[in-house]
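The values are calculated or read from the model by the stated rules, or taken from the named source; none is laboratory data. Note that the structure is predicted; figures quoted are calculated from it, not measured. Here Cβ is always computed from backbone atoms with ideal geometry, including for glycine, and neighbour counts include all displayed protein chains. Just so you know, the surface numbers come from the protein's heavy atoms only, side chains and all, with ligands and any DNA or RNA stripped out. Shrake-Rupley method; radii C 1.70, N 1.55, O 1.52, S 1.80 Å.
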Amino acid sequence: MKTLENLQKVSIVLMLFLLMIDSSCIKKEEVTTPGLNIYKTKGDYFLYVNTWGKKNAPTTYRANDARIGNLDTDTIYMGRKILISGYILSAENSVDDYFTNITFTEMVKYNDSLGLSASFPRDSVFKRVIDENPYIEFYHDDYHPRRFELKDTAKINQIIRDGELEKYFKRLK
């Protein structure tokens, strides 16, 4: 009888232990880091804020934002890199974005002047849209984990030179 009670206790402890392990294990899943984009636009919008589709807009860029950098006293967005042949490499653009005439410098200065209490008005971003269909070409790499990062401009420039963009990136436009 005592052996049966001990066996039941051991079984309960073992089940609890297995439940604890199962609930605390981090299951290895596919990386969901957003893919990269390569695009060409009708105009030179490199220094300009884009909307995030037709309904959302960034409004909170500040000087201390990791996505913002300073180069010779000019504010630059670190999520874009210039490639050869007029292409731009981007971490945060989508094929549905619009471009505004708001520079990152303007938005950062405006937001930093407000302190942390407010940011650039979202409706003002959409009032300043200058191109609702800016892309001549747009390629997306949705491969997980990413095959390339923003720092891989030399590799991606070689892909462009070799005419192999569509081998690594899906053409959306």
Next on the checklist: For the stretch 130-158, which positions are under 21 Å from Y48 (Cα atoms) and touching a Leu at 6+ places or on another chain (Cβ under 8 Å)?
Outcome noted: F138, Y139, H140, L150, T153
Checklist entry - Where residues in the stretch 133-165 are open to solvent by 80 Å² or more (accessible area, probe 1.4 Å) and at pLDDT below 95, which of them is nearest to N93 (Cα to Cα)? => result D142
Next on the checklist: Condition first: within 21 Å of the chain's Cα centre (by Cα), closer than 17 Å to Y45 by Cβ and assigned to a loop (DSSP other than H, G, I, E, B). Now tell me which residues in the stretch 102-161 satisfy that.
Outcome noted: E132, N133, P134
Next on the checklist: Checking the condition modelled with pLDDT under 85, in contact with a strand residue (DSSP E or B) (Cβ under 8 Å, 6 or more places away or on another chain) and either hydrophobic (A, V, I, L, M, F, W, C) or surrounded by 10 or more Cβ atoms within 10 Å (Cβ to Cβ) (or both), which residue from G86, G35, G43 passes?
Outcome noted: G35
Item to check | Selection from the stretch 98-123 of residues that are open to solvent by less than 30 Å² (accessible area, probe 1.4 Å) and among the polar types (S, T, N, Q) | outcome: T100, T105, N111
